1. Note the direction-averaged projected area, equal to a quarter of the hull surface, for the Cα convex hull of the chain, in nm².
2. What list of ³J(HN,Hα) couplings, whole Hz, do you get for the stretch 78-88 from phi and the Karplus terms 6.51, -1.76, 1.60, once you set θ to phi - 60° and write x for glycine and proline?
3. In straight Cα distance, which lysines are under 22 Å from Lys16, not counting same-chain residues fewer than 8 positions off?
4. Dipole magnitude of the stretch 1-98 about its Cα centre, charges +1 at Lys/Arg Cβ and -1 at Asp/Glu Cβ only, in debye to the nearest 20?
5. Considering amide H positions built from the backbone, and no H for Pro or chain starts, which residues 5 or more places from Leu195, or on another chain, come under 5 Å of its amide H?
6. I'd like the Karplus ³J(HN,Hα) series for the stretch 99-114: coefficients 6.51, -1.76, 1.60, θ = phi - 60°, whole numbers in Hz, and an x wherever there's a Gly or Pro.
7. What angle do you read, to the nearest 10 degrees and between 0 and 90, between the alpha-carbon axis of helix 174-193 and the longest principal axis of the chain?
8. Mind checking which of Val150, Leu61, Ala137 is farthest towards the positive end of the stretch 25-151's charge dipole, using Cβ charges of +1 (Lys, Arg) and -1 (Asp, Glu) about the Cα centre?
Amino acid sequence: MSIRTDAPTRREQILKAAARLFAERGFHGVGVDEIGAAVGISGPGLYRHFAGKDAMLAELLVGISERLLSGGRLRVAESGDDPDALLASLIDGHIDFALDDRPLITLHDRELDRLRESDRKLVRQLQRQYAELWVTAVRRLHPAVEEAEVRAAVHAVFGLLNSTPHLGSQDDGRPERAMTETLLRKLAHGAFGALAPQD
């Protein structure tokens with residue numbers, strides 16, 4: 001899967017700062033002036049990029065759901081007929097998201113209800129489609145397991161991986177991150193491995 005290396009746009013810088021600040025202090029605890037200051041522009045200058053904080057929140061939460069779904073679809077396309085490789089790729093992709101985008105996980109948990117109903121429905125629709133990619137992948141590995149059990153396992157793994165905001169420091173030190181990635185990978189594979197029939 002290709003990794004983007006070009007510099008973030010001003011719009012992306014604003015969204016990243018908004019996500020961090022909203023996650024730290026809550027949506028209503030942050031003003032546009034603070035978001036602007038975090039990226040080196042005036043608060044009113046933000047309105048050249050966004051209609052307001054509500055638009056930023058919607059773009060953050062809809063955007064991450066779209067990104068997870070498109071990334072998941074790409075992983076499905078790249079895995080060919082290898083269900084083990086597909087599941088490993090889906091797990092790795094979600095671990096990257098969970099470690100790189102912790103503020104968005106916090107934001108989703110706390111602020112999803114602040115979205116307009118249409119945006120909230122879109123987020124839920126995208127999330128369901130993303131979950132279905134996982135359910136399909138796991139069922140290919142464990143065809144004898146009931147779909148409801150597979151679905152429960154997928155959501156349990158999402159809960160596990162999305163718990164990263166509670167792991168403490170968001171320091172991206174390589175040794176600590178590598179250790180966390182390894183642990184999350186083992187736990188996720190272990191959860192799905194538990195679906196296999198026991199002798």
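The values are calculated or read from the model by the stated rules, or taken from the named source; none is laboratory data. Just so it is clear, the model here is predicted, and its values are computed rather than measured. When we count neighbours, we look across all protein chains shown, and the Cβ atoms used for this are built from the backbone with ideal geometry, even at glycine. These accessible areas exclude ligands, DNA and RNA; they are computed on the full protein's heavy atoms, side chains included. Shrake-Rupley method; radii C 1.70, N 1.55, O 1.52, S 1.80 Å.
1. Numbers: hull surface 50.4 nm².
Spelled out: convex hull of the Cα atoms, projected over all directions, averaged, 12.6 nm².
2. Ordered by residue, 3J(HN,Hα) equals 7, 7, x, 9, 9, x, 5, 5, 5, 4, 4 Hz.
3. Within the straight-line limit of under 22 Å, Lys16 reaches these lysines: Lys53.
4. Values: 11 positive and 14 negative charges, 105 e Å.
It works out to roughly 500 debye.
5. Distant-sequence amide H within range of Leu195: zero hits.
6. Listing the rounded values in order: 8, 8, 10, 3, x, 5, 5, 4, 4, 4, 5, 8, 10, 4, 5, 7 Hz.
7. Long axis of 174-193 versus the principal axis of the chain: about 40 degrees.
8. Farthest towards the positive pole: Leu61.
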